[in-house]
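The next block holds one structure in the form of structure tokens; read it before the comments.
The values are calculated or read from the model by the stated rules, or taken from the named source; none is laboratory data. Quick caveat: nothing in here was measured; it's all calculated off a predicted structure. Backbone-built Cβ (ideal geometry, glycine too); neighbour counts: all protein chains shown. Ligands, DNA and RNA are excluded from the accessible area calculation, which covers all protein heavy atoms including side chains. Shrake-Rupley method; radii C 1.70, N 1.55, O 1.52, S 1.80 Å.
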Amino acid sequence: MSAATPHHTEHRFIEPLDVLFLRGNKLFGDPGSHGESLVPPWPSAAAGALRSHLLAQDGTDLAAFAKGHITHPSLGTPAAPGPFALTAFTLVRQLDDGRLQTLHALPADLVVTDKDGDAKHIQSLRPQAPHTGLLNSSGFAQVPVLAETERRKATSGLWLSQSGWQRYLNGQLPNAEHDLVKTSELWAIDSRVGIGLNADTRSADDGKLFTTQAVAFKPRVGFVASVRGATLPAQGSLRLGGDGRAASSQSVDHQAPQADLHAIATQGRCRVVLTSPGLFAQGWLPNGFQREADGYHWLNLHDVRARLVCATVPRSETISGWDLANWQPKAALRAAPTGSVYWLDQLQASPEALGKLADSGFWSDACEDTHRRAEGFNRFAFAAYDCI
């Protein structure tokens, strides 16, 4: 059996060996329906694949584990999870020298527009106090403002490269020419037609045609998953996404980009950017924030105290999934999307405390949901307060 290692983080490069069916939360299955794929998938998809791989590697009786009759040293039981936790799940591509280049969804405070032809222009939202007399629905003293001289439509289908992500965390605008990657360079969508089956005869039912999206990744494009609390197999094959399509898993050295926490502690202000969906008890507001007598929301978590002055949070999404142990759907929960940005000032914390908070995610010591924490939700990165 694998020994749990709570403070050691392991990294695995997960590369699809076949097309993947990465389903979201939309209902699917009626005649004529269309199943859309979600890329990247929720981190729970990777957590489930890696946990299943670990159980198989250890020769665990899966039926007994599902019923709670066996306690795994890293995974615990389905009802009481162990120390295993997915701490990061990021889209990557492998370079010719073997290094991994991470790719990130655009943070909500970055806006990319077309400039001339294929040229792109990057701007950032900045917190500003609204003009006196200007009515707005924001509950903050400041609102995120995009200052521009002409109206332009934002461009989609772009990802931020690792160098661009590092610039962003450092408080610099990414380079529009070198730091943006098109989705078409990473994967293509392959629509597949399926036929519904009669549950009794296991034969095709008339009139039950449907289509679903398969994701065909380009060579050496995949994901990097970071796990704490378990010793994973160094390499092997995973069943990933719908239909359990094959993906390889290989141990890699990986250092995630991060902001200068000493500089942030000295400056006393920062941004917080969600790197995975946020399942928060207060909806859009991360765990650890409470409204105080001054009318502001204050963060008090893991020896970090700060005041929330502004936020830009895209439309919420719904997270669910399938519980294999109990063979039933997981509860559908509203989530703040990856890329949501929160501006904090009056920050009172040491660099070590900031590092602990980033390492823990928006979970208290007691933990609001041990299952969802293990699956990689509520993770974030610190960034300098402004993009200059």
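The figures follow:
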{"read-out": "Enclosed volume per residue, in Å³, of the convex hull spanned by Cα atoms of the chain", "value": "170"}
{"read-out": "Quarter of the Cα convex hull surface for the stretch 148-287, i.e. its orientation-mean projected area (nm²)", "value": "16.2"}
{"read-out": "Overall Cα dimensions of the stretch 30-125 - principal axes, largest extent first, Å", "value": "63, 46, 31"}
{"read-out": "Pair Gln346, Trp327: separation of 7 Å Cα→Cβ label points (nm)", "value": "5.5"}
{"read-out": "Distance cut-off 19 Å, percentage of C-alpha pairs in the stretch 209-314 lying past it", "value": "67"}
{"read-out": "Rel. contact order, % - alpha carbon contacts under 8 angstrom, at least six apart, the stretch 237-388", "value": "33"}
{"read-out": "Cα centroid of the stretch 157-202 to Cα centroid of the stretch 243-284, whole Å", "value": "17"}
{"read-out": "R0 of 51 Å, Cβ-Cβ distance Trp298-Lys218: FRET efficiency to nearest 0.05", "value": "0.70"}
{"read-out": "Pairwise centroid distance, computed over Cα atoms, of the stretch 218-241 with the stretch 324-339, Å", "value": "21"}
{"read-out": "Rounded to whole Å, sorted largest first: equivalent-ellipsoid semi-axes of the stretch 305-369, Cα gyration tensor", "value": "30, 18, 8"}
{"read-out": "Percent RCO, i.e. relative contact order, over the chain, from Cα pairs under 8 Å lying at least 6 residues apart", "value": "25"}
{"read-out": "Carbon and sulfur %, accessible surface of the chain computed with the full protein complex present, 1.4 Å", "value": "49"}
{"read-out": "Cβ crowding within 10 Å averaged over residues, with 269-281, 251-263 ranked highest first", "value": "269-281, 251-263"}
{"read-out": "Distance between modelled label sites at Trp284 and Arg202, nm, 7 Å Cα→Cβ extension", "value": "5.0"}
{"read-out": "Theoretical FRET efficiency, 1/(1+(r/R0)^6), r = Cβ-Cβ of Thr211 and Arg334, R0 35 Å, to 0.05", "value": "0.80"}
{"read-out": "FRET E, pair Thr370, Val39, Förster distance 30 Å, beta-carbon r, rounded to 0.05", "value": "0.65"}
{"read-out": "Net charge over other residues, Cβ less than 15 angstrom from the Cβ of Phe217 (K, R count +1; D, E count -1)", "value": "+1"}
{"read-out": "Packing-based ranking, highest mean first, of 371-383, 152-164 given that Cβ atoms within 10 Å are counted", "value": "371-383, 152-164"}
